[in-house]
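Taking it in order: structure first as structure tokens, then the write-up.
Here, each number is a calculation from the coordinates, and none is a lab measurement. Keep in mind it's a predicted model, so treat the numbers as computed, not measured. We place every Cβ from the backbone using ideal geometry, glycine too, and count neighbours over all the protein chains shown.
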Amino acid sequence: MTTAALITMITVQALVTIISGYFFWKILTAKPKPEPDSYSEE
Amino acid sequence: MANREQWGTRIGLVLAMAGNAVGLGNFLRFPVQAVQNGGGAFIIPYLVCFLLMGIPLLWIEWSIGRFGGRSNNHSTPFIMDSMDKRHFWKYVGVFGIFTNIGVAAYYCYIESWTMSYVFHSIIQTFTGMSQDEVASFFVKYVDVGQSTTGIPFESVLFYLICLGLNTYILSRGLSGGVEKVAKIGMPLLILFGILLAVRGITLGNTGLCADCDSHIGMNFLWEPQFDKLLDLKVWFAAAGQIFFTLSLGMGTIQCYASYVRSKDDIALNAMTAGWMNGFVEIVLGASIVIPISVGYLGLDWVKENAGFSMAFQTMPYLFNQWGAFLGSFAGVMWFGLLFFAGITSSLAMGTPWMGFMQDEFRWSRPKAAFTFGLLVLIMGLPTVFFFQEGFFDEYDYWAGTASLVIFATFETILFSWIFGIERGWKELIQGADMKVPVIFKYIMVFITPLFLIIILLGTLITPKNGDWQKAFTEKYELDHGSLIGKLTHSNIVANRSWFSNRFESEVSGIVINAYSDQKNHYVIIGDETGRVVKTYAQPITKEMVVNTGDKVEISTPLFRGRFVNPIFYLDLSRIMLLSLFIFICVLVYKAYKKRQKINRIPL
């Protein structure tokens, strides 16, 4: 692979993975709202 | 019975919403679009469109859905009706049910292919097959008259099993059905995707041909061609990809979000589902099909053949190269991940119809699910039987492409300009678990509607080959694939009647060979240099009326007999879609009258 292609691939894929992971982590760690909320099992 | 659906957990909702967005296109459409539109540079317009159109539209649809849910509306006709005094909006909202049934009709068929191919991978059908044999297996599979296993009507059987499974899961409800499938399917999809992506990246040089190297494939996909950024076609392709990958303009997001209470978050949920879809597409989708295909077949082959059909006609052959067991396992993973990507989307398509019938006619969940299955079956069987006649592609264009753009444009204008951005913004940030940047308020009012209007116009009057540069600077010519071109059948130059007693040539040239065997007559038409332009075959029961050496023009009769022309099937598919749309409009009208009787008219 050329350096330009390698840098583009690593940068974009790392960025997208980090952002996706960050938002997913925020969902997992968000404080649940007081009952009654939208979720029957929480 | 009132609609008492509820999500079980927040993570279940996000996975279901991400599953709704993640579809076969993440693995098959994105890499092909990237390859055809600037390689690594495609990602720049892709991310720009994601920020300026994708995220705002996700937030708009989530907000519209939750707003509607507060008045116990769980499908777009009456959600949109409750957002403005003018009651015609409920008929615009019909798109949010129509699109889903229309798309599910053919989408369940693709889903059934993935299910069938999992089965064939397990029983090692593809082991030892050549590339041509794998490709013709698919052609045989979609030909209803033939069977690959000896089971009669095999493709119909798998379609019915797949539709039955969807109907059963839908009848179990949101938390008991859809959410459970998302919680199992999405992690498995990501796991299978990671395993195949690692294999694609590490495959390297296989030595089967001069450029059979997966790294050449990755280079081809990621090498940034910055000059392409000035090409409008690339921007249109990126906007189209964002639009379809996020399942925008379908009515499913609104339906799912309508079961979220006002005090609960939608802003962070929408971002998470949207980025998760991006992860599956950009990280996993880009690392499987193209690298593995180039690794075994070379770059030139992929350049010529990159497309949707590779999933079924090429991948099983490539997996064969890893030996019987690993090949079979990889086949299960590949078609398994496509199946999960498909079913999490098709389940979402069932929920707007179910929400509507439960809300308006007090139908029970199983009854609503069963009727969805029945409608999809009625609409979908012709796509199975007339797949090769173009029924499938017509559904895909009108229900799966044009309708989405039209609906999204209207709903954005309704949300930002008629309902009002101040009310809309308040709805979005209520209960939000993240700070939504205020700039998006202005993007939703000005940029996103502008983007959508441009896409709508672009769809309507696409210039020839999508070449906007040429259209602006030289001569404008309408593309056959544009909405107007499709509507007028501009690509059909001969055989324009449904039924006829003669079959005409669609090209001009010289008959370089006209002959018959025991089954068929064949007419091969070539140009002056002898290059084959078109080959026609008709059963021996027809009469061939040209001879070798004859000169033919467009519309010159080649055969005589009774013919049903392809235009008949195209128009029939449109009549079916139009009938479905009118049918839902009638239901909405009945529901409206019912609401009037019980004084349940909003605003």
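Inter-chain Cβ neighbour count for B:272-279, averaged per residue, equals 5 (cutoff 10 Å, partner chain atoms only). Computed from the alpha carbon atoms alone, the convex hull of segment B:185-274 holds 172 Å³ per residue.
Sorting the segments B:57-69, B:371-383, B:331-343, B:433-445 by their mean number of nearby beta carbons within 10 angstrom, highest to lowest, gives B:57-69, B:331-343, B:371-383, B:433-445. State which entries of B:183/B:435; B:85/B:233; B:183/B:263; B:183/B:590; B:233/B:426 exceed 31 angstrom in Cα-Cα distance in the structure shown. Checking Cα-Cα distances, B:85/B:233; B:183/B:590; B:233/B:426 exceed 31 Å. Peptide B:5-12 is shielded by partner chain Cβ atoms: per residue, an average of 5 of them sit within 10 Å of its Cβ. Would you work out the relative contact order for segment B:518-576, in percent, from Cα pairs under 8 angstrom that are 6 or more residues apart? Reported relative contact order: 25 percent. log₁₀ I(q)/I(0) of the protein assembly as shown at q = 0.09, 0.10 Å⁻¹, via Debye over equal Cα point scatterers, no solvent, to two decimals? Once normalised to I(0) and log-transformed, intensities are -0.78, -0.97.
Taking the fewest neighbouring Cβ atoms within 10 Å as the starting point, the ordered list for B:125, B:488 is B:488, B:125.
Convex hull volume per residue, computed on the Cα atoms of segment B:265-356, equals 132 Å³.
In plain terms, if you count all Cα to Cα distances in chain B and split them into 10 Å steps from zero, the share in each step is 3, 15, 25, 27, 18, 8, 2, 0 percent. Given B:475/B:551; B:303/B:464; B:228/B:475, which pairs have Cα atoms separated by over 24 Å? Check vs 24 Å cut-off fails for B:475/B:551. Across chain B, C-alpha contacts under 8 Å between residues 6 or more apart give a mean separation that, scaled by the residue count, equals a relative contact order of 23 percent.
Shielding value for B:217-230 is 3, the average number of Cβ atoms from other chains within 10 Å of each residue's Cβ.
Cross-link partners for residue B:542 among the lysines, with Cα-Cα distance under 18 Å and sequence neighbours closer than 8 places in the same chain left out: B:519.
A simple packing score, the average count of other Cβ atoms within 10 Å per residue, orders the peptides B:278-285, B:304-311 as B:278-285, B:304-311, with the highest score first. For a 4.7 Å threshold on C-beta separation, the list of partnerless cysteines in the protein assembly as shown reads B:49, B:108, B:162, B:255, B:585. Rounded to the nearest 5, the antiparallel percentage of DSSP beta bridges internal to the protein assembly as shown is 95%. Computed from the C-alpha gyration tensor, the three semi-axes of the ellipsoid equivalent to segment B:97-234 are 33, 24, 18 Å, from longest to shortest. Pairs of C-alpha atoms in segment B:4-82 farther apart than 19 Å represent 56 percent of all such pairs.
A convex hull fitted around the alpha carbon atoms of segment B:1-155 yields 219 Å³ per residue.
Placing +1 on each Lys and Arg Cβ and -1 on each Asp and Glu Cβ, with no other charges, gives chain B a dipole about its Cα centre of roughly 2580 debye. Can you classify segment B:364-485 as rounded, prolate or oblate using the Cα gyration tensor, where a ≥ b ≥ c are the square roots of its eigenvalues, rounded means a/c under 1.5, and otherwise it's prolate if a/b beats b/c and oblate if not? In terms of gyration-tensor shape, oblate. A prolate overall shape is assigned to segment B:339-405, the ratio a/c of its alpha-carbon gyration tensor axes (a ≥ b ≥ c) being 1.5 or greater and a/b exceeding b/c. For the peptides B:26-34, B:4-12, the ranking by mean Cβ contacts within 10 Å, running from highest to lowest, is B:26-34, B:4-12. Size of segment B:489-603: Rg and Dmax of its alpha carbons, in Å, are 23.6, 76.
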